[in-house]
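Every number in this text was worked out from the coordinates using simple rules, so none of it is lab data. Because the structure is a prediction, the values reported are computed rather than measured. No Cβ is skipped: glycine too gets one built from the backbone with ideal geometry, and neighbour counts run over all protein chains shown.
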Amino acid sequence: MVNITDLVKTADWKVEKHVPVIDCADSVSENEVFEVKVSIGKKVAHPNTTEHHIGWVSLYFQPEGDKNPYQVGHYEFTAHGDSVQGPNTGAVFSHHAVLTWIKINKPGVIFAVSSCNLHGLWQSSKEIILK
Ligand code: FE
């Protein structure tokens, strides 16, 4: 049986353009709202065309000691230059980056999963501790 975790790839974001990069504080205060930025292709740009683009990114938080992760948000990038004139002729392209705010009351790990329409699922994670 194939497990979906076998299909979610990861790599060093500095050389692999599909890996989501999570930018946020390393340590936060309990229940203090903080900023989380997720971008794809931070160092090596990922294409954003009708034919090849990032479709979505999902964020999860796995609190230390909890059994299951919580989904924090799911962010869809739905404009990729398609129009009635044809591919890449549209007036708008969604850029594959997200800025959001969360608060936590336990330390844990933030996970980001991104989806490229041609190259599948990619993930990364970042540990957060409480001050
Ligand atoms: Fe791709």
TODO: Filter the trypsin sites (Lys or Arg not before Pro) in the range 1-105 down to the DSSP loop ones having no more than 11 other Cβ atoms within 10 Å, then list what survives.
DONE: Lys14, Lys67, Lys103
Open item on the list: I'd like the distance separating the alpha-carbon centroids of the range 106-131 and the range 61-87, in whole Å.
Closed with: 11
- [ ] When you have a sec, figure out the Kirkwood radius of the range 1-128 from all distinct Cα pair distances and drop it here in Å to one decimal?
- [x] 15.6
Open item on the list: Need the full-extension length gain, Lys9 to Phe93, defined as separation in residues times 0.36 nm minus the C-alpha distance. One decimal, nm.
Closed with: 27.7 nm
Task: Karplus-derived 3J(HN,Hα), 6.51/-1.76/1.60, for each residue of the range 58-65, Hz, glycine and proline x - done: 10, 10, 10, 10, 10, x, 4, x
Task: Inter-probe distance in nm under a simple model that places probes 7 Å from Cα toward Cβ, at Val2 and Cys24 - done: 3.1
Open item on the list: Quick check for me: using +1 on Lys/Arg Cβ and -1 on Asp/Glu Cβ, what's the dipole size of the chain about its Cα centre, in debye to the nearest 20?
Closed with: 140
Open item on the list: What does the charge count around Ile104 come to, taking other residues whose C-beta lies under 15 Å from its C-beta (Lys +1, Arg +1, Asp -1, Glu -1)?
Closed with: -3
Task: Qualifying aspartates and glutamates (Cα of each under 18 Å from Cα of Lys43; at least 8 residues distant if same chain) - done: Asp12, Glu16, Asp23
Open item on the list: As an exercise, identify the GluC sites (Glu not before Pro) in the range 39-131 lying in DSSP coil whose Cβ has no more than 13 other Cβ atoms within 10 Å.
Closed with: Glu51, Glu64
Task: HN-Hα J in Hz across the range 13-21 - Karplus 6.51, -1.76, 1.60, θ = phi - 60°, x for Gly and Pro - done: 5, 6, 10, 10, 6, 8, 6, x, 10
Open item on the list: To make sure I understand the rule: partners must be lysines, Cα under 17 Å from the Cα of Lys67, and not fewer than 8 residues away in the same chain. Which ones qualify?
Closed with: Lys106
Open item on the list: Can you tally the net charge around Val44? Count Lys and Arg as +1, Asp and Glu as -1, for every other residue whose Cβ sits under 11 Å from the Cβ of Val44.
Closed with: +2
Task: Where GluC sites (Glu not before Pro) fall in DSSP loop in the range 1-41, at most 14 other Cβ within 10 Å - done: Glu30, Glu32
